[in-house]
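Working notes, structure below.
No lab work stands behind these numbers, since they all come straight from the coordinates. These numbers come from a predicted model, not from an experiment. Please note: Cβ atoms are built from the backbone with ideal geometry, for glycine as well, and neighbour counts cover all protein chains shown.
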Amino acid sequence: MSENSKQLLTGSQVAVMACRDAGAQMMYGYPITPTSEVFSGWIQNDYPYLQTEDEVAAGFAVCGSVLAGKKTFTATAGPGHVLMQDALSMAEGMRLPFVAIVGQRGGPSSGTVIYSQQEVILACFGGNGEGMRLVYSPANLDELYQLTIKAFNDAWKYKFPAIVLTDGYLLKASAVFVKPKLLANISIQAPVAQSANVHLPSIYTLEEDLHEKLAKDKKDFDSARQYLEMAEEYMIDDAEILIVAHGIVGASAKQAVQDMRAQGKKVGLFRPISLRPFPKKSLNFVLTKIKKLYVVESALGQLERLVREEIESDFSVQIKSLHYPALGIEPEEIVKMVNKN
Amino acid sequence: MNQNNLSKFCPGCGYPIVLGLLSKILSEKGLSGQAVLGLDIGCSLLAINHLDINTFQTHHGRVTPTMVGFKRARPDSISLGLTGDGGAYAIGLQNLLWAAKRDEAITILVINNTLYAMTGGQTAPTTLKGQITSTSPHGNEEESFFGPELLKSLVNEKAFLARGAVNDPKTLSEYLATAIATQQAGHFSLVEILSFCPTNWRTRGADTLARLNSLKETYKMGII
């Protein structure tokens, strides 16, 4: 698809195009709804791939391929996302640019098959580590495209695993997509180059060594935060009430804000685009003027947990929530909730 | 052997013998630069800086799929996975079976010392029937596990499967060389290596060797 041309595409088709435009050369996958179409879409383009025996193999093959210096990714969901945490933990520990597109299908167990926002904590903090990953939550097809490309570039630049956290509603929905102008991708280097004689550990015999390694990783993560934190702030200048929502619920909340503004209510939206690192600085800046905050999500408080953790302790903002695990949230429901409280 | 790093293996361990032979073959064939050694968990991870070749650690049972990814990304590499019997035949079996079935051009080296050594001598798939371990205090009730024989029914006819032993370095070297040549020809290879673990066997000198030799009654040497 050429730049600026219009086409009716599904989210999965947009995701595949974005991976290719990001320079991805290889995909490992195991079919699971709702990300199977990302896999089959990639394959139908005759791009290199391997269907593995399970998500564990797919995840570790991504690690191996990345170690060899190839931009490689996978796509998974729900129980597959759980299995993938083993490889993601290794990627986090070894600082490998592992990229995954995750279509949330909720849980516990096998969840549903299409939609939820219940894989936020798993994506951000899954594994026996400290959550040093990049997790981006797109609200529409344009963002799905841009954030997927950004996930590859940021992962290879900062050497942290990156997850594009979406859902089946966005992946399966069709919409008119206009391809933006392509920017150059960053150049990459193989972590294990031929004859480099590198010795990369994933385990540390001495507690002091792991302690030191984590201190360095944290320093790298914290210093990259300013370049990675992303949020959409909408109608916040005079807002007294703030809605916080991410992904497609964020898109719904934006419509709700427009509807409430038409009723004369001073409502604004804060939509974290990077869930990890969370846009802490901008959230706290917005909060200086806010009296009441609503967290709206298709989960039982996973986003709310992130929000509460990031709010500076000197704010005494009142937090209310609309938790709809596994269900989509219409703008009308958000308006109703705000009007009721 | 990397002279700047002291061996991390226990005194009397069989792993350094395998690594020494491997290093010699790679060096003689001029393949050290292309070689990449992936390590599973357990004692294999101690080989992290044992050889002057590219080396990385992975997770328990996961060296095989990691090497699959590496080899497919860089077909001119010599991708070697070093693992114990638990990593290969218990937690990593599913991935090993499929790598073998797909005829992935990688080489897997399985150290069979009949127990989980690093974690303190627990029962492994290769533990002999009746053998006492920390998780089989009344003797292992299971029959032995024959990895190369199991894979035989799955692999391509040009794949290479063999079982050697650390106290027969000449034959083991031949197997390692053939395994690498098989990978270069684009096929899967696996060498299971009977090895000793005096730390967990609680044996000394002659007893260690005698026990290793007695294992050959159950685990037949040769090309499978």
Set of lysines with alpha-carbon distance to A:LYS218 below 18 Å, sequence-local pairs under 8 removed: A:LYS157, A:LYS159, A:LYS280, A:LYS281
Spacing of the two label points (7 Å from each Cα toward its C-beta) at B:SER27 and B:GLU157, in nm: 3.9
Isotropically averaged projected area of the protein assembly as shown, using the convex hull of Cα atoms (one quarter of hull area), nm²: 28.0
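Could you compute the FRET efficiency for A:ARG305 and A:LYS336, with r as their C-beta to C-beta distance and R0 at 30 Å, rounded to 0.05? Don't skip to the end; give the middle numbers.
Working: r = 24 Å, r/R0 = 0.81.
Once rounded, the FRET efficiency stands at 0.80.
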Distance in nm between pseudo-label sites at A:LYS292 and B:ILE223 (7 Å out along the Cβ direction from Cα): 8.1
Lys pairs, the stretch B:15-223 - Cα-Cα below 26 angstrom, 8 or more residues apart or on other chains: 25
Which listed pairs, of A:LYS70/A:LYS172; A:LYS266/A:LYS292; A:LYS71/A:LYS150, have C-alpha distances above 18 Å, in listed order: A:LYS70/A:LYS172
Between the stretch B:166-224 and the stretch B:41-71, the alpha-carbon center distance in angstrom: 19
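For a footprinting-style exposure proxy, rank A:THR288, B:THR203 by other Cβ within 10 Å, fewest first. Walk me through the numbers before you get to the answer.
On the way: A:THR288 9, B:THR203 17.
Ascending number of Cβ neighbours within 10 Å: A:THR288, B:THR203.
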For residues of A:40-50, the mean tally of beta carbons on other chains within 10 Å: 1
Hydrodynamic radius of the stretch B:15-223 per Kirkwood, over alpha carbon pairs, in Å: 16.8
Residues A:ASP142 and B:LEU150, FRET efficiency given R0 of 60 Å [Cβ-Cβ distance, rounded to 0.05]: 0.75
Along chain B, longest interval not containing exposed trypsin sites (Lys or Arg not before Pro), exposed being DSSP loop plus at most 13 other Cβ atoms within 10 Å: B:1-128
B:ARG102-A:VAL198 FRET efficiency (beta carbon distance; Förster radius 35 Å; 0.05 resolution): 0.80
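Can you sort A:ASP314, A:ASP86, A:ASP167 from fewest to most other Cβ atoms within 10 Å of each residue's own Cβ? Let's see the in-between values first.
Details: A:ASP314 7, A:ASP86 21, A:ASP167 30.
Starting with the residue having the fewest Cβ neighbours, the order is A:ASP314, A:ASP86, A:ASP167.
As a test of the formula, what do you get for chain B when each DSSP H run with n ≥ 4 contributes -39,500 (n - 2.57) and the sum is divided by the residue count, at 222 nm and rounded to the nearest 500 deg cm²/dmol?
Values: 8 runs with 79 residues, N = 224.
-10500 deg cm²/dmol, from helical runs alone.
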